[in-house]
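Chemist: Have a look at this one before I ask anything.
Read the figures in this text as sums done on the coordinates, not as results from a lab. Since the model is a prediction, treat every value here as computed from it, not as a measurement. Here Cβ is always computed from backbone atoms with ideal geometry, including for glycine, and neighbour counts include all displayed protein chains.
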Amino acid sequence: MKVLKATNSQYKDLNGYESTPYILGFVKDADNNWITGENVLKCEEFSQIVDKLKELEVIDYNPIIEEE
């Protein structure tokens, strides 16, 4: 699965962007990258920031695996 990776600067700029009823959020992956799903590129509510979202690097998702 592919995800969008933000630099710290991009994360600070975009994280928490709100377009009711949606809020853009990022989480950390196993490589300590700030990531969000590619589906945000198609979300009409984020159309005002889609150019900034398209600048994010597309990477393979590396989940954090919890040990039992």
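Chemist: Would you mind calculating the relative contact order of the stretch 2-60 from Cα pairs under 8 angstrom and at least 6 residues apart, reporting the percent as a whole number?
Modeler: With pairs under 8 Å counted, the relative contact order is 46 percent.
Chemist: Based on the Cβ-Cβ distance from Ser19 to Asn62, what FRET efficiency comes out when R0 is 22 Å, to the nearest 0.05? Please report the intermediate quantities before stating the final value.
Modeler: Working: r = 28 Å, r/R0 = 1.28.
Efficiency for this residue pair is about 0.20.
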